[in-house]
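Worksheet: one structure, shown below.
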Amino acid sequence: MTAPTLPRAAVGLVPAGLDPRPCATKPAQWWDVDSPLSARAVRYCRNVCPLAGKCNTGNDKPKGQIRDGKAYNESGKQVTICGGCDRPRLRAGKTGFVVCGCDQPGGWAS
């Protein structure tokens, strides 16, 4: 899976290697919804990205990705982010998704 991309107008012309968006400069795997590092992607989207809250995904519907600090399952449905650990709350199933079961305040297991 590749990192989310934004239309050029949203970012402007940026010299190679200087794109300020974390989704363009960090490992693309972080933005996979079932990645062990998906919580890190959520935090980067919400707290570091200069386009936080303004991420334009165009006409493309995210599936199995983190976009603009929100998580979308493989069907493209937005899923809840755990209030304790910032991981997407996915149900285990035949796809092998991990279930957030953290014991942090606001987590599923708390």
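The values are calculated or read from the model by the stated rules, or taken from the named source; none is laboratory data. Owing to the predicted nature of the structure, the values given are computational and were not obtained by experimental measurement. Here Cβ is always computed from backbone atoms with ideal geometry, including for glycine, and neighbour counts include all displayed protein chains.
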Open item on the list: Can you report the number of residues in region 67-87 which are of a type outside the set (A, V, I, L, M), closer than 24 Å to Pro20 by Cα and surrounded by 20 or more Cβ atoms within 10 Å (Cβ to Cβ)?
Closed with: 3
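Among the residues that make up region 91-100, is at least one of them crowded, with 19+ Cβ neighbours inside 10 Å and modelled with pLDDT of 85 or more?
No; the residues of region 91-100 include none that is crowded, with 19+ Cβ neighbours inside 10 Å and modelled with pLDDT of 85 or more.
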TODO: Starting from region 65-86, take each residue that is touching a residue at least 12 places away in the same chain (Cβ under 8 Å) and list its partners that are of a type in the set (Asp, Glu) and surrounded by fewer than 15 Cβ atoms within 10 Å (Cβ to Cβ), counting only C-beta distances under 8 angstrom and pairs at least six apart or across chains.
DONE: Gly84/Asp103
- [ ] Could you look through region 11-66, keep only residues that are modelled with pLDDT of 85 or more, surrounded by fewer than 20 Cβ atoms within 10 Å (Cβ to Cβ) and among the polar types (S, T, N, Q), and pick out the one that is farthest from Leu90 (Cα to Cα)?
- [x] Asn47
